[in-house]
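Student: Following this message is one structure expressed as structure tokens.
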Amino acid sequence: MFTIVEFVTKPDDNHRAERVARGQLIKRVCGANAFPEVQELARGARFPNEGMWLGSPSRKLVRASSFRKKLLKFAKEKLASQPSFNRATRRKYGTLKQIYELAKTSNTGWGTKREDWQGIPISDEILKSRMFERFVRGECSDREFESSLNKWMSDPEEFSRIVYDYFGAENLMDAYFADHVSKIEAAVDLLAKHNAKARELNAAIILQRKKLSSMGVSAGVARKKLRQYTMPSTVFDDLEQSLERILGRGRARHFRHYCQELSKRPEMFKRSDAFDLMQMCYAYDCDLFRCDKAMADVFKKFEPFDGCLVGRFEELIPRIENKLSGL
């Protein structure tokens, strides 16, 4: 979801078609080669994720059993609203079996035309398959029904139309990630203040060492007596272990590396780094990973990403060609 939410942002009236086109580009270029949601990595999801950019093959957004219950409830409410139907008639037709039989004989074809959906951006594939018509007749298996709907709701091409055009959602980048990024910013600011205090302390220690040296104390003894402050490694150990529980083993090493660099120079942090770090959970699986130059510089000595990061867009095509020539 993170990849799609960041790439297919909320459109204004002038950019609706362009946002849909972005989702179409992902689908056209990548096909079924989808990266799983970040939180699915710890559950064993890997690239390619059966073409699902949103959700996972094991976690269904739509279930046939739930839809069937709603269908039965809807039918009973409709029957109850008919004053000409007595209790016996309502009981007779208030079962799934009778609903299926009624749907077979009525031949309404509901759900096969776009106007049936009252603005819901249903896909052409679902309309052409007559899936809903077949489902209410009992002629569509649960597996086909769930597969078709979950695929549609997880389709990057449909994301902007479903989430932003139909449901009118706010920008999901802000809704889901703004608070988290603000907390990261606050933590970085605290780290910067901590580092400033540490530098003041270490400067004072150096002065005290000089005083001891002027009194005849050797430099080695002075260093042992007055040690400079360094960030405890356990801080980074705890961070990595905490993130591994969310991301999976080995997927948080780049967070640790970034924070170690950040502890040396907190001024390097910018808000977009938080999003880049999340995307870099996938860099372990990539031959090449496009990022900005600043992030490529931060990770130039990070062994798992060696030869992978591309810090300038103009370098991307030559790097791809170089990779292909080595196959």
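Student: Fewest Cβ neighbours within 10 Å first, please rank F302, F74 accordingly. Intermediate results must be reported in sequence, preceding the final value.
Tutor: Details: F302 18, F74 11.
Taking fewest neighbouring Cβ atoms as first place, the list is F74, F302.
Student: Okay, next question. Using the Karplus curve 6.51 cos²θ - 1.76 cosθ + 1.60 with θ = phi - 60°, work out ³J(HN,Hα) for each residue of the range 283-300 in order, rounded to whole Hz, and write x for Gly and Pro.
Tutor: Computed from phi, the couplings for the range 283-300 are 5, 4, 9, 9, 6, 9, 9, 7, 9, 7, 4, 4, 5, 4, 5, 4, 9, 5 Hz.
Student: Here's a follow-up. Can you tell me the orientation of helix 178-214 relative to the chain, as the angle in degrees between its alpha-carbon axis and the longest Cα principal axis, to the nearest 10?
Tutor: For helix 178-214, the angle is close to 10 degrees.
Student: In terms of modelled amide H atoms, which long-range or inter-chain residues lie less than 5 Å from the amide H of L309?
Tutor: F289
Student: Determine which aspartates and glutamates satisfy two conditions relative to K113: a Cα distance under 18 Å, and not lying fewer than 8 residues away in the same chain.
Tutor: D124, E125, E133, E158
Student: How big is the charge dipole of the chain about its Cα centre, in debye rounded to the nearest 20, if each Lys and Arg gets +1 on its Cβ and each Asp and Glu gets -1 on its Cβ?
Tutor: Around 1300 debye, computed over the chain.
Student: Here's something else I'd like to know. Give the value in nm², to one decimal: projected area of the alpha carbon convex hull of the chain, averaged over all directions.
Tutor: Orientation-averaged projected area of the Cα hull: 25.5 nm².
Student: Next up: So how strong a dipole does the range 2-59 carry about its Cα centre when Lys and Arg Cβ are +1 and Asp and Glu Cβ are -1, to the nearest 20 debye? Provide the component values of the computation, followed by the final result.
Tutor: On the way: 9 positive and 7 negative charges, 28 e Å.
For this selection, approximately 140 debye.
Student: On C-alpha positions alone, give me the angle between the axis of helix 316-325 and the longest principal axis of the chain, in degrees, nearest 10.
Tutor: Roughly 80 degrees, rounded to the nearest 10.
Student: Counting pairs of Cα atoms in the range 144-197, how many percent are more than 17 Å apart? Each step should come with its number before you reach the end.
Tutor: Details: 866 of 1431 pairs.
Tail of the P(r) past 17 Å holds 61 percent of the pairs.
Student: Which angle between 0 and 90 degrees, to the nearest 10, do you get for helix 64-80 versus the longest principal axis of the chain when only C-alpha atoms count?
Tutor: The answer is roughly 40 degrees.
Student: Next up: Place +1 on the Cβ of every Lys and Arg and -1 on the Cβ of every Asp and Glu in the range 2-59, take the dipole about the Cα centre, and give the residue among P11, A32, L54 whose Cα lies farthest towards its positive end.
Tutor: A32
Student: Which of the lysines could a cross-linker span from K270 if the Cα-Cα distance has to be under 24 Å and same-chain partners fewer than 8 positions apart are dropped?
Tutor: K10, K183, K193, K197, K293, K300, K301
Student: Straight distance only, please: which lysines reach the Cα of K27 with their own Cα at less than 18 Å, same-chain residues fewer than 8 apart left out?
Tutor: K151
Student: Could you tell me what % of all Cα pairs in the range 21-69 have separations over 16 Å? Walk me through the numbers on the way to the answer.
Tutor: Numbers: 560 of 1176 pairs.
Everything past 16 Å amounts to 48 percent.
Student: Sorting L201, L212, L247 on the 10 Å Cβ count, fewest up front, what's the list? Kindly include the intermediate steps, with their values, before the conclusion.
Tutor: Details: L201 12, L212 16, L247 20.
Neighbour counts put them in this order, fewest first: L201, L212, L247.
Student: For the range 11-54 and the range 159-208, what is the separation of their C-alpha centers, rounded to whole Å?
Tutor: 25 Å
Student: Shifting gears a bit: Amide H to amide H, which residues 5 or more places from E50 or on other chains are under 5 Å from it, using H placed in the peptide plane?
Tutor: Answer set, sorted by chain and number: A34.
Student: Using helices alone, I'd like the mean residue ellipticity at 222 nm for the chain: each DSSP H run of four-plus residues gives -39500 (n - 2.57), total over residue count, nearest 500. Mind dumping the intermediate values first?
Tutor: Numbers: 16 runs with 179 residues, N = 327.
Result for the chain, helices only: -16500 deg cm²/dmol.
Student: Quick check on the exposure proxy: order S213, S325 from fewest to most C-beta atoms within 10 angstrom. All intermediate terms of the calculation are to be shown ahead of the outcome.
Tutor: Details: S213 13, S325 7.
Ordered by Cβ neighbours within 10 Å, fewest first: S325, S213.
Here, each number is a calculation from the coordinates, and none is a lab measurement. As the structure is a computational prediction, the values presented were derived from the model and not from experiment. Reconstructed Cβ throughout: ideal geometry from the backbone, glycine too, with neighbour counts over all protein chains shown.
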